[in-house]
Amino acid sequence: QVQLVESGGGLVQPGGSLRLSCAASGSIFSRYPMNWYRQAPGKQRELIASITRTGNTNYADSVKGRFTISRDNAKNTVYLQMNSLKLEDTAVYYCNLAAGTGDYWGQGAQVTVSS
């Protein structure tokens, strides 16, 4: 069983920065890719960033150049550094681990971008 616990959300002004963290329990973290999704009010959940177990990354066009996903396998933690935040980045952000034993999700972290 894997548990994912997110932290780091909050309220920020446009152009500001936040860093989300997602800490995983268990021993399988380093063996699988990790993903960050977000869900804005009234919209479907969307995949915005992925990182392989060796550190290769991929981003949605909407966040490319502004967000950076990284991981520390020794700490069982994945991060999402968000810079140059825009009003449209307001959403609940979820980390995700898709393993052979199941699909695991964090509890969600609210990010609100507002002036």
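State yes or no: is A91 of a type outside the set (K, R), at pLDDT below 95 and open to solvent by less than 20 Å² (accessible area, probe 1.4 Å)? Spell out how you get there, then give the answer.
Working: of a type outside the set (K, R): yes; at pLDDT below 95: no; open to solvent by less than 20 Å² (accessible area, probe 1.4 Å): yes.
Spelling it out, it is not the case that A91 is of a type outside the set (K, R), at pLDDT below 95 and open to solvent by less than 20 Å² (accessible area, probe 1.4 Å).
Tell me yes or no: at least one residue of the stretch 73-95 is in contact with a helix residue (DSSP H, G or I) (Cβ under 8 Å, 6 or more places away or on another chain) and either among the charged types (D, E, K, R) or not in a strand (DSSP E or B) (or both).
So far as the stretch 73-95 goes, yes, one or more of its residues are in contact with a helix residue (DSSP H, G or I) (Cβ under 8 Å, 6 or more places away or on another chain) and either among the charged types (D, E, K, R) or not in a strand (DSSP E or B) (or both).
Does T101 meet the test of being open to solvent by 40 Å² or more (accessible area, probe 1.4 Å) and over 12 Å from the mean Cα position of the chain (by Cα)?
Working: open to solvent by 40 Å² or more (accessible area, probe 1.4 Å): yes; over 12 Å from the mean Cα position of the chain (by Cα): yes.
The answer is yes for T101.
Look through the stretch 2-57, keep the residues that are part of a loop (DSSP other than H, G, I, E, B) and at positive phi, and return whichever of them is most open to solvent (accessible area, probe 1.4 Å). Please lay out each step first, then the result.
First, the residues of the stretch 2-57 that are part of a loop (DSSP other than H, G, I, E, B): 2-3, 8-9, 13-17, 25-28, 32-33, 40-45, 52-56.
Still in the list and also at positive phi: 8, 15, 26, 42, 55.
Details: G8: 36, G15: 56, G26: 46, G42: 91, G55: 36 Å².
The qualifying residue most open to solvent (accessible area, probe 1.4 Å) is G42.
Taking S62 as the residue in question, decide whether it is within 19 Å of V2 (Cβ to Cβ) and either free of Cβ contacts under 8 Å to residues at least 40 places away in the same chain or hydroxyl-bearing (S, T, Y) (or both). Working first, answer last.
Details: within 19 Å of V2 (Cβ to Cβ): no; either free of Cβ contacts under 8 Å to residues at least 40 places away in the same chain or hydroxyl-bearing (S, T, Y) (or both): yes.
The answer is no for S62.
Within the stretch 9-16, is there a residue that is in contact (Cβ under 8 Å) with a residue 24 or more places away in the chain and under 12 Å from the mean Cα position of the chain (by Cα)? Full working, then the answer.
Let us first name the residues in the stretch 9-16 that are in contact (Cβ under 8 Å) with a residue 24 or more places away in the chain, namely 9-16.
Remaining after also requiring under 12 Å from the mean Cα position of the chain (by Cα): 9.
Scanning the stretch 9-16 turns up at least one residue that is in contact (Cβ under 8 Å) with a residue 24 or more places away in the chain and under 12 Å from the mean Cα position of the chain (by Cα).
Give the residues of the stretch 58-77 that are at pLDDT 95 or above, of a type outside the set (K, R) and open to solvent by 90 Å² or more (accessible area, probe 1.4 Å), sorted by residue number.
Within the stretch 58-77, N58, D61 meet the criteria.
The values are calculated or read from the model by the stated rules, or taken from the named source; none is laboratory data. None of these values were measured; they are calculated from a predicted model. Positions of Cβ are backbone-derived with ideal geometry, glycine not excepted, and every protein chain shown enters the neighbour counts. Ligands, DNA and RNA are stripped out before the accessible areas are found, and what is left, the full protein with its side chains, is counted by its heavy atoms. Shrake-Rupley method; radii C 1.70, N 1.55, O 1.52, S 1.80 Å.
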